[in-house]
1. Within segment 124-133, is there a residue that is within 24 Å of Asn173 (Cβ to Cβ) and of a type in the set (Val, Ile, Thr)?
2. Which one is surrounded by the fewest Cβ atoms within 10 Å (Cβ to Cβ), of the residues in segment 112-129 that are in contact with a Cys (Cβ under 7 Å, 6 or more places away or on another chain) and in contact (Cβ under 8 Å) with a residue 60 or more places away in the chain?
3. Is it true that some residue in segment 87-100 is within 22 Å of Asp197 (Cβ to Cβ), more than 16 Å from the ligand (Cβ to nearest atom) and open to solvent by 40 Å² or more (accessible area, probe 1.4 Å)?
4. Within segment 204-217, is even one residue under 29 Å from Phe21 (Cβ atoms) and among the small types (Gly, Ala, Ser)?
5. Filter segment 105-135 down to residues that are assigned to a loop (DSSP other than H, G, I, E, B) and under 15 Å from Ser201 (Cα atoms), then give me how many there are.
6. When you check Tyr262 against the structure, is it crowded, with 21+ Cβ neighbours inside 10 Å, part of a strand (DSSP E or B) and within 13 Å of the ligand (Cβ to nearest atom), yes or no?
7. Select from segment 58-81 the residues that are within 17 Å of Lys95 (Cα to Cα) and of a type in the set (Gly, Ala, Ser) and list them in ascending order.
Amino acid sequence: MRKNKNIINLVSNIYLSPSNFIYPLFIVEGKNRKEEINSMPGVYRFSIDCLLGEIDACLDVGINSFMLFGVEDRKDELGSWAYRDDGIVPSAIKKLRDVYKDDVTLFADVCLCQYTVSGHCGLISNGVIDNNKTLEILNKISIVYASAGVDFVCPSSMMDYQVKSIRKALDDNGFHMVGIMSYSTKFNSSFYGPFRDAALSRPQFGDRSSYQLDYRNPSLAILESLKDVEEGADIIMVKPALAYLDIISKIKERIFVPLAAYNVSGEYSMIINSGLDLEKVTMEVLYSIKRAGADIIISYFAKDLFLKMKGF
Ligand code: PBG
């Protein structure tokens, strides 16, 4: 069965296609800014004017889905720059929708950690995360993104009932066509380190263990995705990917809505700095995520991978 390439290819049945990838983009205020992120060589923060070139390069290789992250230094207690309609992400959504119409599918992360003084994903009352107050803010952010023209809002703060709450808020405001890709099974992970540098979202005290999942209980991790489907999630997600291939595969067997896996910042940095054959190791890793059962992969590798595959 392994006598030559043709036979090997004949019996292969897992594929990577750019149409199944979502490419993350970090967006900053201002003009003419394209700044490389120290801990993530090859990944940049863009001002909106510079973002267009990056999107054109992705469209050229067949990637047309993007996940937008705002990098905001105007932080306050309520994270109010997350839900101002002149904030970074709503402005970017409007611009991209205007320029690319339906040729791009836009996903936007809905969370507070980039916008709050505490750097936590929820509001703080008396020193602890206030789940239900946070839901109100997540609703506001989602409506602002929806009005700007986003296709999917992506709640990532791991508050209980965030999907239910956002679905209702969207429907009540006439946004029935805006979908929810939920960060449903999101672990409390050290692999997010480089992202927190990139997005200025490091918690200023404590950690995220009171809302993100502990990796020692796979059943609870799966249950979180099941609950999000009941609450109305259109796409669910496992994050990170590499240390959680078992969870991806179990969820894929039990849940039938499309499943995304987030190949996160620390997985990217680890490989980029590994000294290994980058092209080959990237393929091997992304195929493993696909093989585990992910329908969609969110990855910082996506653009370069398909550039190389296209032979640029
Ligand atoms: C926001 C958010 C994080 C990531 C995506 N959305 C950081 C976190 O939860 O601390 C991490 C993505 C990555 O590491 O690439 N909550």
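The values are calculated or read from the model by the stated rules, or taken from the named source; none is laboratory data. Just so it is clear, the structure is predicted and the values come from calculations on it, not from any experiment. Neighbour counts are summed over all protein chains in view; Cβ atoms, including those assigned to glycine, are modelled from backbone coordinates with ideal geometry. Note: areas computed on protein heavy atoms with side chains; ligands, DNA, RNA excluded. Shrake-Rupley method; radii C 1.70, N 1.55, O 1.52, S 1.80 Å.
1. Scanning segment 124-133, I find no residue that is within 24 Å of Asn173 (Cβ to Cβ) and of a type in the set (Val, Ile, Thr), so the answer is no.
2. Going through the qualifying residues, I end up with Gly119.
3. no
4. Within segment 204-217, not a single residue is under 29 Å from Phe21 (Cβ atoms) and among the small types (Gly, Ala, Ser).
5. Total satisfying the criteria: 12.
6. Yes; evaluated as a whole, the condition is true for this residue.
7. Scanning segment 58-81 gives Ser65, Gly70.
For every residue, the table says whether it meets (1) away from the ligand (no atom under 16 Å from the Cβ); (2) of a type outside the set (Phe, Trp, Tyr); (3) open to solvent by 20 Å² or more (accessible area, probe 1.4 Å); (4) at pLDDT 95 or above.
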| position | (1), (2), (3), (4) |
| --- | --- |
| Thr134 | no, yes, no, yes |
| Leu138 | no, yes, no, yes |
| Ile141 | no, yes, no, yes |
| Val144 | yes, yes, yes, yes |
| Ala148 | yes, yes, no, yes |
| Lys164 | yes, yes, yes, yes |
| Asp172 | yes, yes, yes, yes |
